[in-house]
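Since the structure comes first, as structure tokens, the remarks are kept for the end.
The values are calculated or read from the model by the stated rules, or taken from the named source; none is laboratory data. Computed from a predicted model, the values in this text were never measured in an experiment. Here the Cβ positions follow ideal geometry from the backbone for every residue, glycine too, while neighbour counts run over all protein chains shown. These area figures cover heavy atoms from the full protein model, side chains too; ligands, DNA and RNA do not enter into them. Shrake-Rupley method; radii C 1.70, N 1.55, O 1.52, S 1.80 Å.
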There are 4 protein chains.
Amino acid sequence: MTIPTIPRAAQDSHALVAERWRALGTAAESQAALADEASLQDVARFSRNIENFIGTVKVPVGIAGPVRVQGMHARGDYYLPLATTEAALVASYSRGAQIITEAGGCAAALLAESVGRAPGFSFVTLAEAATFARWVEAQYEAFAMVTARTSAHAKLLSVRANVEGNHVYVQLEFRTGEAAGQNMVTLATAAILQHVAGTAPVKCEHCFLEANYSGDKKASAHSLAGVRGKRVSAEVRLPRALVADRLHTTPECMTEYWRMAALAGVLTGTVGVQGQFANGLAALYIACGQDAACVAESATGVTRLELARDGGLYACVTLPNVIVGSVGGGTGLPSQRACLHVVGKGGPADARALAELCAALALAGELSLIGALCSGDFARAHAERARGVTLPRQEVARA
Amino acid sequence: MTIPTIPRAAQDSHALVAERWRALGTAAESQAALADEASLQDVARFSRNIENFIGTVKVPVGIAGPVRVQGMHARGDYYLPLATTEAALVASYSRGAQIITEAGGCAAALLAESVGRAPGFSFVTLAEAATFARWVEAQYEAFAMVTARTSAHAKLLSVRANVEGNHVYVQLEFRTGEAAGQNMVTLATAAILQHVAGTAPVKCEHCFLEANYSGDKKASAHSLAGVRGKRVSAEVRLPRALVADRLHTTPECMTEYWRMAALAGVLTGTVGVQGQFANGLAALYIACGQDAACVAESATGVTRLELARDGGLYACVTLPNVIVGSVGGGTGLPSQRACLHVVGKGGPADARALAELCAALALAGELSLIGALCSGDFARAHAERARGVTLPRQEVARA
Amino acid sequence: MTIPTIPRAAQDSHALVAERWRALGTAAESQAALADEASLQDVARFSRNIENFIGTVKVPVGIAGPVRVQGMHARGDYYLPLATTEAALVASYSRGAQIITEAGGCAAALLAESVGRAPGFSFVTLAEAATFARWVEAQYEAFAMVTARTSAHAKLLSVRANVEGNHVYVQLEFRTGEAAGQNMVTLATAAILQHVAGTAPVKCEHCFLEANYSGDKKASAHSLAGVRGKRVSAEVRLPRALVADRLHTTPECMTEYWRMAALAGVLTGTVGVQGQFANGLAALYIACGQDAACVAESATGVTRLELARDGGLYACVTLPNVIVGSVGGGTGLPSQRACLHVVGKGGPADARALAELCAALALAGELSLIGALCSGDFARAHAERARGVTLPRQEVARA
Amino acid sequence: MTIPTIPRAAQDSHALVAERWRALGTAAESQAALADEASLQDVARFSRNIENFIGTVKVPVGIAGPVRVQGMHARGDYYLPLATTEAALVASYSRGAQIITEAGGCAAALLAESVGRAPGFSFVTLAEAATFARWVEAQYEAFAMVTARTSAHAKLLSVRANVEGNHVYVQLEFRTGEAAGQNMVTLATAAILQHVAGTAPVKCEHCFLEANYSGDKKASAHSLAGVRGKRVSAEVRLPRALVADRLHTTPECMTEYWRMAALAGVLTGTVGVQGQFANGLAALYIACGQDAACVAESATGVTRLELARDGGLYACVTLPNVIVGSVGGGTGLPSQRACLHVVGKGGPADARALAELCAALALAGELSLIGALCSGDFARAHAERARGVTLPRQEVARA
């Protein structure tokens, strides 16, 4: 049986793109929509980001904000570019952002920073596994030196081992500078494995560079309680009158909602409890050249609402798995770079500020969404949209 | 305090976009990268998909395949367009797809179809809550009629109630035709709530259209065991020689990896156990105008590898929360529509076929990724990439 | 190698017990403590409950209460016998019970009743698995008849199938009358499997009576959202003054604790969120001849505290997996029967009332524990105990 | 309203017990079954273990074994006393134990040891919380000294802080010598809190000794991946012939079962994946004076079965949350002490050996249970029991 292969070469080109479209046999209109002139001009530039290139998909970008943030790294008023095809999303986040700003801004804090890789080792016996685990946990110094040789930006933070029968999972945690860092930690781990192969006191049967213990691109209880990428928290206090004027509800109703929604998360076994982090994060990640697949892990966390003693609303969010960078991935592509410049007010936002802005964005989304569910605007916004009516005000929300 | 607001109007226009860019104060280069001529021409078209529009982000698209599928709805050889900025991703999925095809194709099955909304009701007492729960579970017929009036495509499947003290969560499950359906079920639920308000035997204190029990855009144990959107499974048998030739490893090593990786998922508390569904799904969703935020829920599921009696490899994946549609969302935008036509070989793929292709894509990704982790190609691919070397062969994988 | 075997016979006897003790070679004092006269007299009676009998362990029993309950099945004031060796446990639950009673009692409701068995079937292909799943879900009538022939008390409630690749899990749900029912559903399932073997349209490779899908004796998200055994809820409203007088704290502090404790459960990935159900349930189960291993599943659920509008405290608990019976297991043994009579005020409590009392007990424990953590009595109680001082008042709690 | 109170005094006595029985108003037969002569003689002895004492419940004890263990702390052949009222349980574990012994014994290893307490602190702002968290993580030395003053056996191992908005959870981890240690860590934590109150750089709003972050008596993902009490693993290799002779099945069938059962655990959201740890642990804990409520946390973990290259079976279990001690709790009561002497072959088993024996016991149970499910003996055993027939051979199992 001969299976057709996709035309490839060491260097991608217009001609190859055209050949691929011929192979697809789709209508010229489709080709034109993806392989437009501008996209074709960038073929070489894209070749570090994609294989089997056939063009670009154009995702509309809207801005939300300004959101005022008093963070450790993000400080000031920010507009956030959100790339999405889902109506009402930008409007909802923008409403939340503006309410935060009207309330004087939100606090934000980067609480921890670390990206993990978790190689797995199998042995013949539990005794060997236990011996290896004890040994490996004592190798921090050696592994840190090996790590440093792989990249000037990679720094090993810790080495822990977890034994399960004759298997050992080794958790390596790294700092990765301005990069999101998944590739950096992969290369560092590969170098560590070579070092282990030459020095370990017991020989393993199998060794895998990543044994699925790092939580890479999936929601996990382990990453929720710890950190993957950046752990950030943001909080705001909304005066009672602001809740009434802008969200058309009361702090009492919003905290009642929170209790019910949090327990729904518990009862259905979600990782963390929150209304909705995924909408905003996916849109910001796509706009800013981040790895959109990381939404699977980044969109977990905790939202908490409380009735403050002064009758206002206290709200906070914590996102333990924000994976963002200002270099690497898609951050160097023209339109993605432009979005990073929008966030960074001229220059690219640094990775830590970007992470705190993710928390601020999530907080904005929660306030708008929960407000809409309490006031009844949630259904109304969707109803209007369904009838094709353009939205008369920004008080809308989307789940 | 005056907070600047983003320029808006009932009808979006070039002038408004320009005004927004002035407000952002970013360099002209950034504006040009997003607000290019073609994007500006589509301002009106985008206005049903975005608010506060400032342009489009261009995400490169590569094709993976062909993947041969014997599904209930998808049958034949398919090329899948993947939009991503992460190098090696398309190459890895494409490798997996081709291996499946060389093995004669994968089976795929749509196992269940349903989208839920879960309004929440609070009462004064547990007794009232229990009374309401009994009543509401008997209202299927009435609610189904109400649902039918809201859309010709919406069909109510079931009504279940869950009591927690004086709170009641009501799970409404719907079919939504060719649409992903989140908006459709929101409108149907709003109509049901109006009906409930007029007919329920006990009056609630609060009623929320969605009380966070539906699993919307988050990984949940509840949706994993059930269905959210579409539940699909795919399987393939790879001859031993094919594993050796194309993945450079053995079925024994791959099943050993699977055991270790599955238990890593268990130990770290992931929802489901799998190597990596998020990469492929995010890329396919972005390309095809699906809701990228749904990756948070769709990227959960189960992968299983077994050593077959003939020495080959049996592999299957199950994805219970695939949220896709062939209408609605971004499916009508030009470049997204073009990608749907690539999938559909000329016309748009129907939603059920698209869901089965998601399973096939996930299966392809698992085979390529696990193969690379077993053969050592995983680290090699990343190393080459880091050195800026173009990849000499397709045997690469990416996590 | 000869391995010693434990002396056994069709009929157990004093002589065999003595032989076993000789084999153990332990001091006479140990033998005397377990194989006392009374225990030996009951050798025959115990033989339906234990193998390799060597005597009885004496677990001290204390009473907690009275707790006033307005349930659907339990109505009135109850004393609950708790068997434990952990100091302060009975005192803490008794304090909570009395506070509930002083507040006028708690409401309680049996919300659902069902015990599951989940046989697993493996097939060669996904297609066969899907075919079998469709078939089996249509067999309710036939399976219900088969079930009825195995026991007058067993009633099949539902049949659902879940496909994962070429595997099918079948969830059979049953009512089991006054028995906890695990054995009853095992026998019914065995009969159903025989029926399946003769009638299924596709032949399975393997068939297992229980494939670990039923949640038997383990905490699971699936059982938390559904029911295993009996799902019960209880609630109470404590006037502000009662919280001050008896718990030495305020409703505000207790709700603040609840929020923090609930999110700690979320962050650490517990099944449900609660302070502590295990202490009370384990003690009641051991006293009343229930299956103590079921604590692993029964001790999950949800506690919720709210500040009421009148400044008092609203508290509720929901336990979805209470596994209790008034017949079977250890319920017929003399001292266990006596405990059941204490609960039942002369006769054995029926299973449904017993389940509601489990909810009331859990509620009492939560109030006392959280009260102690808020007032500081928690540490004090333990400090006194550590110094060997008998406790001067009942205001103590234990975790 | 006057609520009856249970008769109490600083010193418990026969008279008080009699008074309590009068208050209960139960038949004399019930009183006799609980408040027998021997139990009454021990009133004073029990007063350190129970309040509101009314007698003892007699739980039958059977022995399982011998199980041969090559552990780090448990070495040799052991008989394990199991207290249960569930028929077939002892027989099943005993069968598993003997098979392990026939195979030459199992390896066992204590992998980690630690008991946690997790006080919670609330602040006004996130900034204060972050400041406190940084401070508290630097206080290990000071806290360790405070800890040492509370008990000669308590040793502080680590201090970690987790920030969620304006809340901080502090995880204190301790060694507790021969005691299970929950009370010891409570007292140490109370002392640490007093120290914190006098030295912290920011003042908290609320401080709770335990904020539900320690996993105390509940299954949690956090404790599964880490340790609570003692983390132990055990493994065995069964020759193919032994599986055939004693379990009447094949290693292939058992590994097929394991795959299906493990994924069932994943799909239903259990904490860990295992057939059944709760039965054996509950029975051993009750017999040996351990805290039976800890079954809720101890019964989580991981079982893994593999087909070995020689055609035999490799099996291992890992239990990360075994909470056992040789002093404290019920370990000093006569019949419980006697059981500890049975385990310890004359003297009490030390805590670490006891933990390794828990792993061996769990392994025995898994082998017997899975064997029975593969051979069909599972249903047969229950069927015989239901007909009241005494079991003709030991090949039975119980779930």
If you go through the range D:199-208, how many residues are open to solvent by less than 50 Å² (accessible area, probe 1.4 Å), in a loop (DSSP other than H, G, I, E, B) and of a type outside the set (Gly, Ala, Ser)?
2
Of the residues in the range C:191-223, those that are hydrophobic (A, V, I, L, M, F, W, C) and free of Cβ contacts under 8 Å to residues at least 40 places away in the same chain come to C:Ala197
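Yes/no matrix, rows are residues, columns are (1) away from chain A (no Cβ under 11 Å); (2) at pLDDT below 95:
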| position | (1), (2) |
| --- | --- |
| B:Thr303 | no, no |
| B:Ala308 | yes, no |
| B:Val317 | yes, no |
| B:Pro320 | yes, no |
| B:Gly347 | no, yes |
| B:Ala355 | yes, no |
| B:Gly365 | no, no |
| B:Gly376 | no, yes |
| B:Ala383 | no, yes |
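Conditions (1) within 23 Å of A:Tyr213 (Cβ to Cβ); (2) under 15 Å from the mean Cα position of the chain (by Cα), marked per residue:
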{"residue": "B:Leu319", "(1), (2)": "yes, yes"}
{"residue": "B:Val324", "(1), (2)": "no, yes"}
{"residue": "B:Gly329", "(1), (2)": "no, yes"}
{"residue": "B:Leu333", "(1), (2)": "no, no"}
{"residue": "B:Arg352", "(1), (2)": "no, yes"}
{"residue": "B:Cys358", "(1), (2)": "no, yes"}
{"residue": "B:Leu361", "(1), (2)": "no, yes"}
{"residue": "B:Leu369", "(1), (2)": "yes, no"}
{"residue": "B:Cys374", "(1), (2)": "yes, no"}
For the structure I just gave you, tell me whether B:Glu113 is open to solvent by 10 Å² or more (accessible area, probe 1.4 Å), under 30 Å from B:Ala315 (Cβ atoms), more than 13 Å from chain C (Cβ to nearest Cβ) and of a type outside the set (A, V, I, L, M, F, W, C).
yes
Please tell me if B:Ile3 is without any contact (Cβ under 8 Å) to a residue 12 or more places away in the chain and open to solvent by less than 10 Å² (accessible area, probe 1.4 Å).
no
Sort through D:Ala296, D:Ala355, D:Ala351 and tell me the only one that's in contact with a helix residue (DSSP H, G or I) (Cβ under 6 Å, 6 or more places away or on another chain) and under 27 Å from C:Ala88 (Cα atoms).
D:Ala296
Would you call B:Leu242 more than 8 Å from chain A (Cβ to nearest Cβ), touching a helix residue (DSSP H, G or I) at 6+ places or on another chain (Cβ under 9 Å) and more than 30 Å from A:Tyr257 (Cβ to Cβ)?
yes
Quick one: in the range C:277-310, of everything that is touching a strand residue (DSSP E or B) at 6+ places or on another chain (Cβ under 9 Å) and part of a loop (DSSP other than H, G, I, E, B), which residue is farthest from D:Phe208 (Cα to Cα)?
C:Gly289
Tell me, which residue of the range B:56-76 that is hydrophobic (A, V, I, L, M, F, W, C) and more than 16 Å from A:Gly289 (Cα to Cα) is nearest to the other protein chains (Cβ to nearest Cβ)?
B:Ile63
Of the conditions (1) under 30 Å from C:Ala360 (Cβ atoms); (2) more than 9 Å from chain A (Cβ to nearest Cβ), the single one that B:Gly120 does not satisfy is (2)
Here are the criteria: (1) in contact with a Gly (Cβ under 7 Å, 6 or more places away or on another chain); (2) open to solvent by less than 10 Å² (accessible area, probe 1.4 Å). Tell me which single one A:Val343 does not satisfy.
(1)
What do you reckon, is C:Gly96 assigned to a strand (DSSP E or B), in contact with a helix residue (DSSP H, G or I) (Cβ under 7 Å, 6 or more places away or on another chain), among the small types (Gly, Ala, Ser) and crowded, with 24+ Cβ neighbours inside 10 Å?
no
Flagged pairs (Cβ under 6 angstrom, 6 or more apart or on separate chains; first in the range C:247-267, more than 10 Å from chain D (Cβ to nearest Cβ) and modelled with pLDDT of 95 or more; second in a helix (DSSP H, G or I) and open to solvent by less than 10 Å² (accessible area, probe 1.4 Å)) are C:Leu247/C:Gly371; C:Thr249/C:Gly371; C:Pro251/C:Val243; C:Met254/C:Ile370
Restricting attention to the range B:275-299, and to residues there that are open to solvent by 10 Å² or more (accessible area, probe 1.4 Å) and at the interface with chain A (Cβ under 7 Å from one of its Cβ atoms), which single residue is nearest to A:Val124 (Cα to Cα)?
B:Gly275
For C:Pro60, all conditions in the list (1) open to solvent by 20 Å² or more (accessible area, probe 1.4 Å); (2) closer than 30 Å to D:Tyr78 by Cβ hold save one; what is the number of the exception?
(1)
Just the residues that are at pLDDT 95 or above and within 8 Å of another protein chain (Cβ to nearest Cβ), please, taken from the range C:332-345.
C:Leu333, C:Pro334, C:Ser335, C:Gln336, C:Arg337, C:Ala338, C:Cys339, C:His341, C:Val342
Within the range A:66-76, considering residues that are open to solvent by 20 Å² or more (accessible area, probe 1.4 Å) and not in a strand (DSSP E or B), the one farthest from A:Val236 (Cα to Cα):
A:His73
Considering the range C:209-255 alone, what residues qualify as being assigned to a helix (DSSP H, G or I), open to solvent by 10 Å² or more (accessible area, probe 1.4 Å) and touching a strand residue (DSSP E or B) at 6+ places or on another chain (Cβ under 9 Å)?
C:Ala221, C:His222, C:Ala225, C:Arg240, C:Leu242, C:Arg246, C:Glu252, C:Cys253, C:Thr255
Over 28 Å from the mean Cα position of the chain (by Cα), modelled with pLDDT of 95 or more and buried (at least 24 other Cβ atoms within 10 Å of the Cβ) - does that describe any residue in the range D:119-126?
yes
Answer from A:Glu137, A:Glu173, A:Glu141 - the residue that is in contact (Cβ under 8 Å) with a residue 24 or more places away in the chain and over 30 Å from D:Gly71 (Cα atoms)
A:Glu173
Members of the range C:136-161 found to be open to solvent by 10 Å² or more (accessible area, probe 1.4 Å) and either assigned to a strand (DSSP E or B) or within 14 Å of chain B (Cβ to nearest Cβ) (or both), listed by number:
C:Glu137, C:Lys155, C:Leu157, C:Ser158, C:Val159, C:Arg160, C:Ala161
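Yes/no matrix, rows are residues, columns are (1) within 14 Å of chain A (Cβ to nearest Cβ); (2) surrounded by fewer than 24 Cβ atoms within 10 Å (Cβ to Cβ):
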{"position": "D:Val168", "(1), (2)": "yes, no"}
{"position": "D:Phe174", "(1), (2)": "no, no"}
{"position": "D:Gly177", "(1), (2)": "no, yes"}
{"position": "D:Leu187", "(1), (2)": "no, yes"}
{"position": "D:Ala190", "(1), (2)": "no, yes"}
{"position": "D:Gln194", "(1), (2)": "no, yes"}
{"position": "D:Ala197", "(1), (2)": "no, yes"}
Looking at the range D:41-52, is at least one residue more than 7 Å from chain C (Cβ to nearest Cβ), surrounded by fewer than 15 Cβ atoms within 10 Å (Cβ to Cβ), over 12 Å from C:Lys58 (Cα atoms) and not basic (Lys, Arg)?
yes
Failed condition for A:Tyr79, given (1) at the interface with another protein chain (Cβ under 7 Å from one of its Cβ atoms); (2) open to solvent by 10 Å² or more (accessible area, probe 1.4 Å); (3) more than 19 Å from the chain's Cα centre (by Cα); (4) within 27 Å of A:Ala244 (Cα to Cα):
(3)
